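Inspection log for the structure reproduced underneath, given as structure tokens.
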Amino acid sequence: MKLIGNYTSPFVRKISVMLLEKGITFEFINESPWHDSSRVKDYTPLGKVPALIVDEHETWYNSSIIAAFLELQHQAPAFLPVDPRDQLEVRLLETLADGICDSGLLIVRELQKDPAQQSESEMLRQRDKIRRGLDALEAAAAEGKWLNGPDITLAETLFKRDSFARTEPPAN
Ligand SMILES: N[C@@H](CCC(=O)N[C@@H](CS)C(=O)NCC(=O)O)C(=O)O
């Protein structure tokens, strides 16, 4: 299996955490999606990371879809509970965490523009989403059911750094 990604993407991190925790062997292909010469679009039409190449006939993209595919391998630990309703609750928190990262990414992209082209109001709008999202995540963490609970969940793969020390990328 090959994981196409880069070291700064939280969505790639989600999949790296799952692969490492499940002990699934994979090769990491470090590709930035942002450059004109990027080869990411050769792997996925949307040109975004992560993409997971299973073989020459099977490629999955979008971190939520890849996560669902990895769960189908039935390799421990499971990142989703068995009960479908519980699964939805975890997927909702995953969506919340993804959305916070999406907003962060939009702010970064805005800041990369020429200052005259940057939209302060758009950045404030995104910051509000991040603030509300983090408040909701904190409340879920305090509840301790799917975040900070007894079992590892998909909802934790983007934010809970201390549990996943061995998935840290190299310093350089
Ligand atoms: N919802 C997607 C988001 C993926 C995403 O936005 N990845 C960023 C890197 S963090 C990317 O590749 N962006 C390239 C682009 O937008 O062209 C997922 O969960 O995989």
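When the chain is fully extended, how far beyond the present Cα-Cα distance does residue 108 get from residue 62, taking 0.36 nm per residue of separation?
Details: separation 46, 0.36 × 46 = 16.56 nm, distance 2.00 nm.
Gain in length upon complete extension: 14.6 nm.
By the gyration tensor of its Cα atoms, with a ≥ b ≥ c the square roots of the eigenvalues, what is the shape of the chain: rounded for a/c under 1.5, prolate for a/b over b/c, or oblate?
Oblate, because a/c is 1.5 or more while a/b does not exceed b/c.
Taking only protein heavy atoms and a 1.4 Å probe, what accessible area per residue, in Å², does the range 2-71 have with all protein chains in place?
Working: 3540 Å² over 70 residues.
I get 51 Å² per residue for the range 2-71.
Separation between the residue 74 and residue 2 pseudo-spin-labels, each 7 Å from Cα along Cα→Cβ, expressed in nm?
Inter-label distance under the simple model: 2.9 nm.
Excluding same-chain pairs closer than 8 in sequence, count the lysine pairs in the chain whose Cα atoms lie under 17 Å apart.
Final tally of qualifying lysine pairs is 9.
Using the alpha-carbon centroid of each, what span in Å lies between the range 1-28 and the range 84-154?
That distance is 20 Å.
Which one, 133, 144, 104, has the greatest fluctuation when you compute a Gaussian network model over the chain with C-alpha springs under 10 angstrom?
Taking springs between Cα atoms under 10 Å, the residue moving most is 144.
Computing the accessible area with a 1.4 Å probe over protein heavy atoms, can you report the carbon and sulfur percentage for the range 84-156?
In the range 84-156, the share of accessible area belonging to carbon and sulfur is 55 percent.
The values are calculated or read from the model by the stated rules, or taken from the named source; none is laboratory data. All of these numbers come straight from a predicted model, not from anything done at the bench. Glycine gets a Cβ as well: all are built from the backbone with ideal geometry, and neighbour counts include every protein chain shown. Side chains are part of the model used for accessible areas, which takes the heavy atoms of the whole protein and leaves out ligands, DNA and RNA. Shrake-Rupley method; radii C 1.70, N 1.55, O 1.52, S 1.80 Å.
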